[in-house]
1. If I model a spin label as a point 7 Å beyond the Cα along the Cα-Cβ vector, how far apart are those points for residue 569 and residue 797 in nm?
2. Only loop residues by DSSP count here, and only those with at most 10 other Cβ atoms within 10 Å; note down the trypsin sites (Lys or Arg not before Pro) in region 964-1023 that meet that.
3. Please list, in order, the residues from region 261-289 whose amide nitrogen is less than 17 Å from a point placed 7 Å along the Cα→Cβ vector of residue 122.
4. Multiplying the sequence separation of residue 780 and residue 137 by 0.36 nm and subtracting their Cα-Cα distance, what value in nm do you get?
5. Tell me which trypsin sites (Lys or Arg not before Pro) from region 589-643 have a DSSP coil assignment and no more than 12 other beta carbons within 10 Å of their own.
6. Going by average Cβ density within 10 Å per residue, which order do the peptides 287-294, 1018-1025 take, highest to lowest?
7. Can you figure out the FRET efficiency of residue 409 with residue 745, using R₀ = 60 Å and their beta-carbon distance, to the nearest 0.05?
8. Among 299-308, 812-821, how do they line up by average Cβ neighbours within 10 Å per residue, starting with the highest?
Amino acid sequence: MFFSTKYLKLSQNSSYKLDLAKFKPLCVILVLASASITLYLYGPFLLSKTMSGVLQVSFDGVELVPIFSKAQKKWRMAYATLYSTRAFLSLAKETVAKKRSEFLHKFLRSASYTVVDVEPDHFSSINQSSLTELIEEKNFDQLSRFGGVEGVISALETNAENGIRGDVEDIACRHKAFGSNLYQKPPEKTFHVVLEAFKDPIILILLLCAALSLGFGIKKQGLKGWSDGGSILVAVFLVTAVSALSNLWPKRQFKKLSKASDNIQVDVVRNRQRQHISIFNLVVGDVVYLKIGDQVPANGLIIDEHSLQVNESSMTGDSDLVEVNCSNNPFLLSGTKVADGYARMLVTSVGMNTAWGKMMSSMSCDSNEKTPLQAKLNKLTLFIAKVGLVIAFLVLVVLLVRYFTGNIYDSDGNRAFIGGKTTIRDVFNAVVGILATPVAIASAAIPEGLLLAVTITLAYSTKRMLDDQALVRDLSACEAIGSATVICTNKRGTLTLNRMKVTDFWLGQKYIGGSASSLIAPNILELLHQGVGLNTNQAPSGSSFELSENQAEKAIYNWGVQEMGMDIEELKENHTIIHVEDFNTEKQRSGVLIQKKTDNTIHVHQKGAPEMILAMCSHYSEDTGIIKVIGNGARAKLEQIIQGMAANGLQCIAFAHKKMSEEDNDDGEHQPKLEQCLTLLALVGLKDPCRPGVRTAVIDCQLAGVNVKMITGDDVSSARAIAIECGIIDSNQDITAGEVVEGVEFQNYAYEERIEKADKIRVIARASTFDKLLMVRCLKQKGHVVAVTGDSIGDAMVLREANIGLSLGIQGTDMAKENSNIVILDDNFVSIVRVLRWGRGIYNNIQMFTQFQLTVSIASLLIDFVTAISAGEPPTIDIVAAISAGEVPYATLQLLWVKLIVGTLAALALTIEKPYNEIMQQPPVDQTKPFITNIMWRNIMTQALYQITVLLIIQFKGESIFNVNARVKDTLIFNIFVLCQVFMIFNARKFEKNAFKKIRRKKLFWGVIGTIIVLQGVMVELLKRFANTERLGWGQWGACFGIAAVSWPIGWLVKCIPVPEKPFFTYLKWQNLNYRRMISY
């Protein structure tokens, strides 16, 4: 026999340890006592004799007396006593150890056995490779060898009804044997992002400028000349680092935020309890419940199903639905979608042991695709860079011509070039100095802050949108939503709370109320219990309703249990479900075929839209149990009841029943029999109240120029009532005005008529997914930017077709979320309006910063050009500055400060701006109009003109005006230029006159302004050697602030000047220029 080691040691040593505990202390005590007594009685005597014998010896008859004193003798006696005691104790221990060894040897010699450690042998009859091969190859032969699905269930030590045990030990064992439901994500390509930043043409130009500046500087000034080129390299490093971090941060944020979307909740049974768990916690052996719209979370086998059809296009590429059943095809692949029916599934493979896991592991979520606005601003940046290069080339030509014609002088006033006298070395050095100026101009012209601003505002807005219950899956949608002109929305859960409750109940033509089961005949009540409890997709267990995601089903189910006395366990025990017909949007109903066990009778139950069910009925039942024929009068009365509930905003659900005869049951053709000659059992009205604030949100959309259209499965009257309550249509509007139509009517329109009426239609009732798709296509055909909400698996195509797909986070299926651009986490229409506001704010913020950045670029570029060609001396290596001057230009660090620090901080101040409410009073962003509007050109040109005028005056007359030397004059130019940008940030905040509106609470804005001013002070006053500046007095600082502050009143006056709506460049007939295409959508 095999024993565990632990048990073996316990059994073999227990008796010995018990005996040892008895005699070991006694032995030790006896030994110690004997030693102590001996030492006490005989120790002093023996010691004295010994010492006397040792010390009292004689040599040649001469006796020697002891040399120890009396005190020393006492110390020696004490030492000898202690030493002897330790010797006795050591001897006692050795004796006990020897006896123990002999005893153990004698005891163990009597046993004959082998000790092994044995772990429980789990899942010995099956392994992971065979399970993977079974599902992916759909191998029936292998399934037969396992003993069918039941054999696999047994081998995996689970139970079809109760599931796995689910305790910690069981889960750990399954993880060890079959792995976890996780896939290895590809590593983040951080270094790749940095390399991508270096591929940017702007960075390449800066690197070229740095190389030239470094080479020219060292050639001209030796090792001391490294500072200019080195400064540019530092700037390149900073720009690259900022760009890489800006690209990585939103990606990491998106990964972090997407975990909520990837963390799908799966419905399983464990230890006899139905529960929701994370898909990542799923293990082999779990029993999973699947329903329409679910993603299959792992490979598995069908235990039982009802009309199950699966979309395997994500794995096979085939869009045709695959029927999955227990007999012909019981195999389910991870990552596929349930298109119809529901089922129970046994998990056989998870994670990297599935084709889906391997595919997801090989996919990288990193995408270098730019948003439309990023692409267009990149084109704008390159265009301005090209203009800068052209101007730099012209400057180079002018300076070379002036040099070789003798119009440039050195510092001593002599001609820099004299034909036949100037050496080649001097010519080369002069050309090197001249080349520095066009390099400076090219560097100053590049508005690299534009792309950085877009990245910052998208990352910031994406994070803030999450706080407003919107998870952005596609960054381009952040921009596109600001241009939306139409929102097509669902009713259930979006405009309403999706918390339904049964409020009206009719039996035949009699109103019963909410709960009056005692007034209903027993036979009718029994049939109602069957229709409510068995014709449902709840797959109920006990009285648990919380697993339901269909609120209408949940409301009816709760009503049946709580108000009508339905016992679901009793129903399940007394009836057998033969066939299930799931609800779909085309038929607007669901059905079930059941057999009653007590008498074996077959019953048909139908439930759905009242007009559909009523058309299938030939009789109706009264509360007394009497069945009557539906004549014309009765049918008209029933239709009136249905319309009355709809007019009150109630969703009406009809129940019908039919008892099948033996002949109908024997022929096996159930489908036609399920839909003919039914008896109407009941009409139930459900109320789903509107969400708080939804009416205000709809009105805000309408004021913002965005039309809201409701597409719902409710009947016309109910849909119209909800639309009026939400503010989508006017209560005084005539129902025949064409604003409310049914889906069938919309489909039957001719193409031209449908396109024409698409704008006018506000509500589509009894709509299918195809109706929603038709509406989206019609609106796009008319030039609208369409945002559409979707939650079902059928909405996936509609979400892809729309310009902006908005899936619902709570009731939306996984397929709907995967095909959407933005996930509305709380399903609330109010959140959609917040997203709309953010989209407009993003566009507006980027326009504000573009206006600021272009003003800086244009002003610095023109100042560079004028001052460079007017210089009377050969330029030095220090002419690499935004406003370089002829005689004593300032250093490269000043250019880097203006371009990098001011640009980056200004981007923070202008792009991280929460959208204000007034932005919703403006029309949607027109994608056909130029990004840079006439208003922006007006502001840019006036501010740039003011800066150019003032700085050129100071450049040429500043020394006499301020009575300073050239070095202080250049410091004043640099200081005024930077402060002009600081004051211009205020003007750029708003396109309207009041630039200070709602600015007091902008802490970040004031922090950025303060930081720029403080750093500017440090640059001028403390870094004078490195930045080539001179300290300024209080009066000079005041003059700088005063000149820069003039931009405020100029900005206010300029905004009073009206501008035409027609873009300026259309007057110049530049339709064929790339610039026009670049700045327009």
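Where a number appears in this text, it was derived from the coordinates with a stated rule and is not lab data. None of these values were measured; they are calculated from a predicted model. Cβ coordinates were reconstructed from backbone atoms using ideal geometry, including for glycine residues, and neighbour counts include every protein chain displayed.
1. 4.6 nm
2. On the way: sites: 967, 969, 989, 990, 993, 997, 998, 1000, 1001, 1002, 1003; in loops: 989, 990, 993, 997, 998, 1000, 1001, 1002.
Answer by residue number: 1000, 1001.
3. 270-272, 281-287
4. Values: separation 643, 0.36 × 643 = 231.48 nm, distance 4.37 nm.
Length difference between fully extended and current span is 227.1 nm.
5. Working: sites: 589, 596, 597, 607, 628, 635, 637; in loops: 597.
Counting only loop positions with at most 12 other Cβ atoms within 10 Å, the trypsin sites (Lys or Arg not before Pro) in region 589-643 are 597.
6. Working: 287-294: 22.6, 1018-1025: 14.9.
So the peptides 287-294, 1018-1025, ranked by packing, come out 287-294, 1018-1025.
7. Details: r = 87 Å, r/R0 = 1.45.
According to the calculation, E is roughly 0.10.
8. On the way: 299-308: 21.9, 812-821: 23.8.
With the highest mean Cβ count within 10 Å placed first, the list reads 812-821, 299-308.
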